[in-house]
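See structure below.
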Amino acid sequence: MEFDEGLEKTIGDLAKSGGSRPLKELAPGDWTSVQVLTGPASGARIERELGRPVTVEGDGTHSGDYVQDGNLLVFDRDGATTRMVSLGTLAALGEGKYRADVVLQARGGAITMTDPDGRPAGG
């Protein structure tokens with residue numbers, strides 16, 4: 001698990017300024033889906049949400065649990081975790097599982113997750 005200060009700032013700025021940005025543009029990498037959770041979250045809950053065992057350690061964790069109040073993003077490719085990112089205390093994203101083409105749409109200080117065509121993403 002890593003704390004991504006740049007991603008936290010970019011998402012926070014987007015919420016304030018409005019507009020939309022593809023998450024893949026903000027968090028590039030080799031991933032096909034992302035699971036968004038809001039902490040604090042036990043390691044058992046994270047495993048339940050992902051449907052598989054994971055090791056929760058690093059920034060924002062304690063004794064196998066995610067202890068931050070903000071979003072936890074678990075990026076996957078073919079059912080395997082490629083990256084786990086803590087946004088610290090920023091909890092701007094809705095919980096759920098999203099495809100790599102998800103777009104962050106900011107309106108009035110809130111961010112919704114949409115498909116590229118603007119429809120609500122299945123989170």
Inset, instruction - Give the relative contact order (percent, whole number) for segment 1-103; include only Cα pairs under 8 Å separated by 6+ residues. - result: 39 percent
Inset, instruction - Using a 1.4 Å probe and counting only protein heavy atoms, arrange Thr38, Thr89, Thr82 so the residue with the most accessible area comes first. - result: Thr89, Thr82, Thr38
Legend entry - segment 44-123 and segment 1-22: distance between their alpha carbon centers, rounded to Å: 13 Å
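If you roll a 1.4 Å probe over segment 25-111 with all protein chains in place, what percent of the accessible area is carbon or sulfur? Don't skip to the end; give the middle numbers.
Details: 1840 of 4020 Å².
Answer for segment 25-111 is 46 percent, counting heavy atoms of protein chains only.
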Inset, instruction - Pop a pseudo-label 7 angstrom from the Cα along the beta-carbon direction at both Arg99 and Ala80 and give the gap in nm to one decimal. - result: 2.3 nm
Inset, instruction - Give the angle, between 0 and 90 degrees and rounded to the nearest 10, that separates the Cα long axis of helix 5-17 from the longest principal axis of the Cα atoms of the chain. - result: 30 degrees
Inset, instruction - Take the chain, drop everything but the C-alpha atoms, weight them equally and run the Debye formula without solvent; then report log10 I(q)/I(0) at 0.10, 0.15, 0.22 Å⁻¹ to two decimals. - result: -0.27, -0.62, -1.34
Inset, instruction - Give the accessible surface of the chain per residue, rounded to a whole number of Å², with probe radius 1.4 Å and ligands, DNA and RNA excluded. - result: 50 Å²
Legend entry - In nm, spacing of pseudo-spin labels at Thr10 and Glu47 (7 Å Cα→C-beta vector): 3.2 nm
Inset, instruction - Can you sort Arg21, Arg119 by 1.4 Å-probe accessible area, starting with the largest? - result: Arg119, Arg21
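The values are calculated or read from the model by the stated rules, or taken from the named source; none is laboratory data. None of these values were measured; they are calculated from a predicted model. A quick note on method: Cβ atoms are made from the backbone with ideal geometry, for glycine too, and the neighbour counts reach across all protein chains shown. All accessible areas refer to the heavy atoms of the entire protein, side chains included, with ligands and DNA or RNA removed. Shrake-Rupley method; radii C 1.70, N 1.55, O 1.52, S 1.80 Å.
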